[in-house]
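Chemist: Quick one: structure below, then a few questions.
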Amino acid sequence: MAEMMTTERLLKADVSLEESKQIERVLRRNNISYFEKWNLHGGLLKFMNNSKSSKCDIYIHVDSYDKAKAVLGE
């Protein structure tokens, strides 16, 4: 079976809420689309885990990946 190619690449992993807001501003200013995948816990851990400790992964379309890295200074 052939592997499917995805159109997104991981730009940053385990980003805090504050960091994601800063990255979002830069990406929007440069007209770069992105996707955030939040790593939230369910069940009992949901009540013990406040939103400030939640982390997300930020994905960028393959065509914009190099531009995103450049504008973020990476």
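Chemist: Leaving out ligands, DNA and RNA but keeping every protein chain, what accessible area does Leu11 have, in Å² rounded to the nearest 10, with a 1.4 Å probe?
Modeler: 10 Å²
Chemist: From the phi of every residue in the range 14-24, what ³J(HN,Hα) in whole Hz does the Karplus formula 6.51 cos²θ - 1.76 cosθ + 1.60 yield, where θ is phi - 60° and glycine or proline is x?
Modeler: 3J(HN,Hα) across the range 14-24, in whole Hz: 6, 8, 6, 4, 5, 4, 5, 5, 5, 5, 4.
The values are calculated or read from the model by the stated rules, or taken from the named source; none is laboratory data. Since we're looking at a predicted model, the values are computed, not measured. Please note that ligands, DNA and RNA were not included when accessible areas were found on the heavy atoms of the full protein model with its side chains. Shrake-Rupley method; radii C 1.70, N 1.55, O 1.52, S 1.80 Å.
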